[in-house]
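Accompanying notes for the structure given below.
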Amino acid sequence: MRLEPLANPTLLRRTAPPVLALVMTVVIASTLAMVAGGDPMAVLGLILQGAAGSKFALLETLNRATPLIFTGLAVAVAFRAKLWNIGAEAQLYAGAVITVVLGTGALQWPAFALIPTLAVLSMLAGALVLLIPALLKTRLGVDEVVTTLLFNFIFLLFVSMLLEGPLKDPMGMGWPKSARLIPEARLPRIIDGLRLHWGFGLALISALIVWLIQARSTLGYEMRAVGLNAEAARFAGIPVTRVILKTALLSGGLAALAGFSEVSGLKGSLTLDLSPDFGYTGIIVAMLALLHPMGVVVAAIFVAGIFVGADSMSRAIGVPSYLADIMLATALLLMVLAILFTRFRVKRD
Amino acid sequence: MQGAEPAQTVLRLDKITKRFGALTANDAVSFDLKKGEVIALLGENGAGKTTLMNILFGQYTADAGQVELFGQPLPPGNPRAALDGGVGMVHQHFTLADNMTVWENIVLGTQGLWQGRLDRATARARITDLSERFHLAVDVDAKVGRLTVGERQRVEILKALYREARILILDEPTAVLTPQEADDLFATLRQAVAAGLSVIFISHKLHEVMAISHRVVILRHGRLVAERLIGDTNPQELAALMVGAEVSAPDVALATPGKVLMALDNVSSPDQGAAPGLDGVTLALRAGQITGLAGVSGNGQAALSDLIGGLITPAAGEFTLHDAAPPAWSPRAAVAGGVARIPEDRHKTGTIADFDLTENAILEQYNSPAFARRGWMNWPAARRFTQGIIERYDVRCPGPSTRIRLLSGGNMQKLILGRVLEGAPDIILANQPVRGLDIGAVNYVHSQLLAARDRGAAVLLISEDLDEVMRLSDVIHVISEGRLSPGFDRGTMQPAELGQWMAGHGFEGAEHAS
């Protein structure tokens, strides 16, 4: 028995996996909620209400989705070219560090100049962080899965060192926490008085740009060619190594924007718990989106909704919010399984 | 060789039908095989030959119909039963362990698990006896890795005989052999038939079919269209039956060679894994001339093709394009220098399976001003370009946004032809341009190469099919272990002589020069 890809999946077959995965996730989550002693309908209802039941809840979900859109895009871009970037977490912190280093008073510029500068330099920092594993891959053939993954831990310790040392807030009463950004370095809110900030707008624009790059630019064409068949790409004259390095720069830069936007838009300072695994969750987001940049936006909002909703549900009726993690893991596994059954067929020899 | 006495029927296929989805691979195919008979199974690629043999061998289960071996129905879908029933198959790609000796390879798998030690002496004696009886000369103690392709094939046949095969199936056995080796194989087969074996010989080379078989069974689109005794037919009729229409080989007029467009002077390159690199190769590609490169596969063809295609640079020697050393040789430089490249493997290197026709058509020049400006693609222009190729090169497909994975090999190759020939290149590298194509597509590709030659292009045709090389080339070189023979003009070379060169004889300082 073996699997062979279907020649030309229909629209139904292409859209079925996410829907099937979602339905099955709900079924399994309900069962688990029952085991945990809750009424499944109430649990699901509360999650939905907590995620989108009010203006406040919805904006909270979008806020939480913002970094996930950036890391999801970073992963989607890299995976499309078969560059397995597991290190969005480190790149995110690289962006955050730059934002804090330059945004706490080092540059006393007006907001219209300071904010774009911080964004661009953050991207550069994230790009450089991914460039190292990418160079190791193209020059020496070192597996980037290993290097990018391990780099996360190294970089987190590096950030920890900075927060205990040079970046430590003198007024922070001993907490490992950076000084606060100056007001000119803060991303403004989209609507006055509500927590949603312009990082979300930037994320949407980034998704649009990434989609345009993939579909319309020569770089996007090269990235897809290298990802689908590097040997044919090389034969045709596509500079495979350069394309992989450019992909790394783009991917690292996108992940770093998550760090920039969290610090500048939401937190205002850097702590070690800036990212509750946004980098890794970005992988789930990208996979759920089938690596499509616009799909990333939808998937990120879905994932953020589950997290925000589960927190709120847990506060209300005491079913553990770990249900959110289980739902995400289930959704991802089911998605992969659903793809298997809709895009491939089992062939008996 | 037609026996006068009514021979025993050893194998009978009765209305075998096999469908794969909408495709009927075998449609009620029936024939029988007599003791001591060679049947040639003739048909184009995709005619259903391999499917039929896989059913016979138990690897597929037929949807309808029955196989009878020596009068007994064969249980379907059971390779073991076919083996035990005396069916032996020699595949095109050998299944031998390189690091083991000949006799070990042959014995492998025939011994029970519980049997602690091999009865080496008995096994060797039986193999030696078989090899003498069937004139399968091979050193039973040699490591298989050191054997030539022809010898390996003999080991495969010995393997089948050792398992007491009474019916031998040979799947395109001569595809990898030099003409001499093919003659040896035929001698062996005659020996085997005289000893009472029966043979099914799968091929699409007509002269071999005429030379070795008693009867020909012709398949077309899964159906058995004709059955002929070899005495009652001729190659022209067989070719017509095979393709369903009278075919004519391209009528090759003499070329008028012009100046040298690309030249290699004493060029060497490193080995590529197991395949040799180039070893002091001197070659001139002239305008208006097809240069044929004959040789057994894996003798440096890949290195030469990679060099001309821009994938590698020479380690030593001089390489000139249009009388000058090309700057920074790369695939892009090759395309820019007017080198059209038809790669050996259209699935792996020629196309990107999940790209559509448009994306594949512009693969070599996606960033030219015609298709891109300031880093942004002009997809409408690319689609128009592709539509033009589809029309001019007769690519049968639903449209330019079809994924190329869905096209047949012939149509895929036509798209590649269009891609590389649209810019009227003056050097054409055609590496195995018709491998795996049906006769219609083969003739199309050949006529395109001839047309390019006639408008003044220099063509290098690399092929393992000697017929193809001899039919099209104005000059023929033979490559062997990375060395290149001198060029032989059209008509001055006999296959036997080329075969000598292909086997490595005649080169200066060659080890086994005779």
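The values are calculated or read from the model by the stated rules, or taken from the named source; none is laboratory data. In this text, all values refer to a predicted model and were calculated from it rather than measured experimentally. Positions of Cβ are backbone-derived with ideal geometry, glycine not excepted, and every protein chain shown enters the neighbour counts.
Applying the set (1) in contact (Cβ under 8 Å) with a residue 24 or more places away in the chain; (2) on the phi > 0 side of the Ramachandran plot to residue A:141 leaves exactly one unmet item: (1). Here are some residues: B:324, B:302, B:328, B:284. Which one is crowded, with 16+ Cβ neighbours inside 10 Å and over 30 Å from residue B:92 (Cβ atoms)? Testing whether each residue is crowded, with 16+ Cβ neighbours inside 10 Å and over 30 Å from residue B:92 (Cβ atoms) leaves just B:284. Mind listing whichever residues of the range B:330-359 are in contact with a Leu (Cβ under 7 Å, 6 or more places away or on another chain), more than 7 Å from chain A (Cβ to nearest Cβ) and of a type in the set (D, E, K, R)? The one that is in contact with a Leu (Cβ under 7 Å, 6 or more places away or on another chain), more than 7 Å from chain A (Cβ to nearest Cβ) and of a type in the set (D, E, K, R): B:341.
Pairing residues of the range B:121-144 that are touching a residue at least 12 places away in the same chain (Cβ under 8 Å) with residues that are in a helix (DSSP H, G or I) and among the small types (Gly, Ala, Ser), at Cβ distances under 8 Å and at least 6 apart in sequence or on separate chains, gives B:134/B:192; B:135/B:187; B:137/B:131; B:138/B:131; B:140/B:131. Just one of the listed residues (B:399, B:440) is over 22 Å from residue B:335 (Cα atoms), in contact (Cβ under 8 Å) with a residue 12 or more places away in the chain and more than 14 Å from chain A (Cβ to nearest Cβ), and it is B:440.
The range B:14-86 holds strands (runs of 3 or more DSSP E) entirely within its bounds, and those carrying 1 or more residues that are exposed (fewer than 15 other Cβ atoms within 10 Å of the Cβ) and hydroxyl-bearing (Ser, Thr, Tyr) map to B:23-34. Tell me, yes or no, whether the range A:219-236 has at least one residue that is polar (S, T, N, Q) and within 14 Å of another protein chain (Cβ to nearest Cβ). Checking the range A:219-236: at least one residue is polar (S, T, N, Q) and within 14 Å of another protein chain (Cβ to nearest Cβ). Can we say residue B:323 is charged (D, E, K, R), within 30 Å of residue B:260 (Cβ to Cβ) and either in contact with an Asp or Glu (Cβ under 8 Å, 6 or more places away or on another chain) or more than 13 Å from chain A (Cβ to nearest Cβ) (or both)? Taking the combined requirement at face value, the residue satisfies it. Would you say residue B:424 is modelled with pLDDT of 90 or more and out of contact with any Cys (no Cβ under 7 Å at 6 or more places or on another chain)? No; evaluated as a whole, the condition is false for this residue.
Just the residues that are facing chain A (nearest Cβ under 9 Å) and touching a strand residue (DSSP E or B) at 6+ places or on another chain (Cβ under 9 Å), please, taken from the range B:368-384. Residues satisfying the conditions are B:371, B:372, B:375, B:376, B:377.
In this structure, residue A:205 does not qualify as free of Cβ contacts under 8 Å to residues at least 60 places away in the same chain and not in a helix (DSSP H, G or I). Within the range A:240-256, track down each residue that is under 21 Å from residue B:350 (Cα atoms) and either within 23 Å of the chain's Cα centre (by Cα) or within 8 Å of chain B (Cβ to nearest Cβ) (or both). Passing the criteria: A:243, A:244.
Screening the candidates A:97, A:77 for the property of being over 24 Å from residue A:222 (Cα atoms) and touching a residue at least 40 places away in the same chain (Cβ under 8 Å) yields one hit, A:97. Taking the criterion of being outside any loop (DSSP other than H, G, I, E, B) and under 25 Å from residue B:146 (Cα atoms), the residues of the range B:259-280 that qualify are B:268, B:272, B:275. Residues that are acidic (Asp, Glu) and exposed (fewer than 13 other Cβ atoms within 10 Å of the Cβ) within the range B:130-147 comprise B:132, B:141, listed in sequence order.
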